[in-house]
1. Provide, for q = 0.21 Å⁻¹, the log10 of I(q)/I(0) from a solvent-free Debye sum over equal Cα point scatterers in the stretch 163-202.
2. Cβ neighbours within 10 Å, averaged per peptide: list 285-293, 266-274 in order, most packed at the top.
3. Stokes-Einstein at 4 °C, 1.567 mPa s, Kirkwood radius from Cα pairs: D for the stretch 133-187 in µm² s⁻¹?
4. Quick check: Cα centre of the stretch 269-290 to Cα centre of the stretch 111-174, how many Å?
5. Between Lys271 and Asp190, what length comes free when the chain is fully extended (0.36 nm per residue of separation minus the Cα-Cα distance, one decimal in nm)?
6. Filter Lys197/Lys288; Lys95/Lys270; Lys136/Lys287; Lys170/Lys209; Lys187/Lys271; Lys197/Lys271 down to the pairs with a C-alpha to C-alpha distance above 26 Å, please.
7. Starting from the Kirkwood Rh over alpha-carbon pairs, what translational D in µm² s⁻¹ does the stretch 98-152 have by Stokes-Einstein at 10 °C and 1.306 mPa s?
8. Convex hull volume of the Cα atoms in the stretch 104-217, per residue, in Å³?
Amino acid sequence: RLGATTWSVPSHAHVVRPSAPRAFRLVFKGFRNKMVASTEVVNALQPEGALFEMAREMQKQEEASQCGATGRELESPAPRAESGIVHCPVTTTSKTRPFTVNDESIELRAYKLGKGKCSYNMVKLDFLHELTPQTKSFSVVEANQVRQSQDEETAESSLRYELTLNNGSKILLNVYVVYSVPDEATKDGDEDCYTWKLVKRGYCKRGCKGPILRAIQRFGKLGRRCSEIWSSTNYRSVKQLHDQAANSKDHRFLFISIDEACTHVAMGDKKTRFRLLFGVDDARTGKKIGSAVSAPIRVLANNDAPNGAAYINMPIPLTENWEGWRSPLAERLRRSLDAAAVLEGPQT
């Protein structure tokens, strides 16, 4: 009896008397036995549940493995890009712009607009003799885009033109967009041979659609930056033509849009840049007579605040045995080349 309260203690209970007054603790053996029994039941059932969950997890892994490792690899971006690498069908004998020892420090700037709009870069072509480029060269009189063969692997990354040169010859020009760094060189006789990886839509992490290279055949005003570069480098155009005509698109040049940003298809390389690769075939015989790559091009997305389309001045060496070098018109042009260069050259 403690105070006014009477406690009935079962006979089977064990009383623990604390040292502090008016405090005690009862431990009921019956209740303790019930709690121990219930805990043993839970512990007995718990391994069965854990084993069941483990079996379900193992079954899921087994089902996933039956689907094949190939399907899982295709879901990850990097392996998909590596397994789908497509090389350009045209090779080059140089890994830099023609007549340039090292062009890594050179960088042309172009940009991708998006939302169905394109920025067309101006490409000026000059065809030079591979052995005597200073004395033998031809320029383009007219450039016409032509339909190319339906090659699914290269169609989205290439364009095809028929060019008429100022010696009356016609040549076929294939333009490809490739990554700026080639594969390891292989030997083709005594010359090095470089292969290049094509830029493909399948590598784009932003899901861009449509062809990467686009051409335009209607001619309007040049872009601001392209017009400034063209006017400052071509003195004949400024002297002989009206200012409005000098700043207009001309059918002698190519106007090409690169509709893919470098950062979209970088595949982990933050320094990714592109090049345009040019393959030249004789229109009559179909034989390859030359190939070359441009300087590195960095294509920026529209949100990178670009300042205009690029101007690409591209010399392309042609083989010595091309019959165009021996045409009668070519001989007349060659004799007048030195005099024209002296009379119309800029005065300093």
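1. The computed values of log10 I(q)/I(0) come out as -0.80.
2. Packing order, densest peptide first, comes out as 285-293, 266-274.
3. Estimated via Stokes-Einstein, D reaches 94 µm²/s.
4. 9
5. 26.0 nm
6. Over 26 Å apart, Cα to Cα: Lys170/Lys209; Lys187/Lys271.
7. 102
8. Given the Cα convex hull of the stretch 104-217, per-residue volume reads 177 Å³.
Only the coordinates and a few stated rules stand behind these numbers; no lab work does. Just so you know, these numbers come straight off a predicted model, no measurement behind them. Methodologically, a virtual Cβ is constructed for each residue, glycine included, from the backbone with ideal geometry; neighbour enumeration extends over all protein chains shown.
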